[in-house]
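All remarks here apply to the structure that follows.
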Amino acid sequence: MGTMRLVVEACGGGMPVETSVDRLRELLPDGTKQLWLDISDPAEEEVALLRQVFGFHELALEDVTRPHERPRCDAYGSYYFIVVYVAEHSGNAFAPRELNLFWGENYMVTIHRRPAAVLAVLEESRRRWERNEQRQTQGVSCLAYTLFESLVDGYFVVQDRIAERITAIEESIFEGHEGAAADLFRLRKELLGVPPLLAPTSHVLAEVLRRERLIPHGLKPYFADVQDHAIHVLAELDSQRDLLSAALDTQVFYAFNRLGKIMQRLTAITLIILVPNFVASIYGMNFDRMFPPREWSYSFLAVNLFLLLMIAWGFIHSRMLRWL
């Protein structure tokens, strides 16, 4: 079972106050009051209330019960049904969180699954709404504006944290730390999920502005400004993703170079020890006649000097080829 909170803003003055959800049927027909109904973890009981009290379309209610809907703005008669995503950056992971909105003449209904990022956006939007001196004259559109503004500001926070992670990864690469490439791949994979979920936010705002039914004239430039901010931050995230791709290409290039250096060194070492092993293996055979002969007093010294000479030559030759 979900939880519901009802906040009422009376046009006569005063601050918005919370009241019992049982008063919803009484307050909704009163056009002088602005209502904000927040629903966490909607169950069948909450969906039934939305159906009976607000009369929302069944297709919209069906989308409310199914998480991970695509971002969009649908118009149903006198209200909008909007799906957007809140950006959350928890620990070292990026996680978009779904938020559903019903926006009518004198009400706003927010529906979510209670992740921390969504709760933070809702709390911040309420603070901004209460501080806005024009909220009573601008109606529910003022609440919608503060909600979208807080939503897009959250995108900037995620962008800054991703930039910090990119900087940390770059430092790890320069310092030669292990795991830098894995961190690059992980972050790039996270950023690949950004455009399908966050980019449509600007399209949602553009659709709302295009229809212009619920937004007062004086508030339209503010919605347009929020839309511009959303476009800007998403462009920055795309730029960061391209930067990660370039860093990955560089990392792969250096990895192959390091692998080539290792192979050269292994080849040089193999050549250096090959001749001594070959000579030693011959002298390990049981032949009667060897050169120098075994009976000669200086045979052991001569062979070892020859081996040392070959090792020295192998080392010098490898250094000349820059294999060592």
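The values are calculated or read from the model by the stated rules, or taken from the named source; none is laboratory data. The model shown is predicted, which means the values in this text are computed figures rather than measured ones. Cβ: placed from backbone, ideal geometry, glycine included. Neighbour counts: every protein chain shown.
So here's what we get for this one:
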{"read-out": "The one condition in (1) surrounded by 21 or more Cβ atoms within 10 Å (Cβ to Cβ); (2) closer than 21 Å to Asp225 by Cα that Ile111 fails to fulfil", "value": "(2)"}
{"read-out": "Only one of Thr110, Thr19 that is of a type outside the set (Lys, Arg) and modelled with pLDDT of 95 or more", "value": "Thr110"}
{"read-out": "From the options Leu219, Leu151, Leu248, Leu237, residue that is assigned by TED's automatic domain parsing to the domain that holds Ala87, part of a helix (DSSP H, G or I), surrounded by 18 or more Cβ atoms within 10 Å (Cβ to Cβ) and modelled with pLDDT under 80", "value": "Leu237"}
{"read-out": "Test result for Ala117, in a helix (DSSP H, G or I) and at pLDDT below 90", "value": "yes"}
{"read-out": "Wholly within region 1-84, strands (runs of 3 or more DSSP E) carrying at least 1 residues that are under 22 Å from Thr137 (Cβ atoms)", "value": "3-10, 17-19, 33-40"}
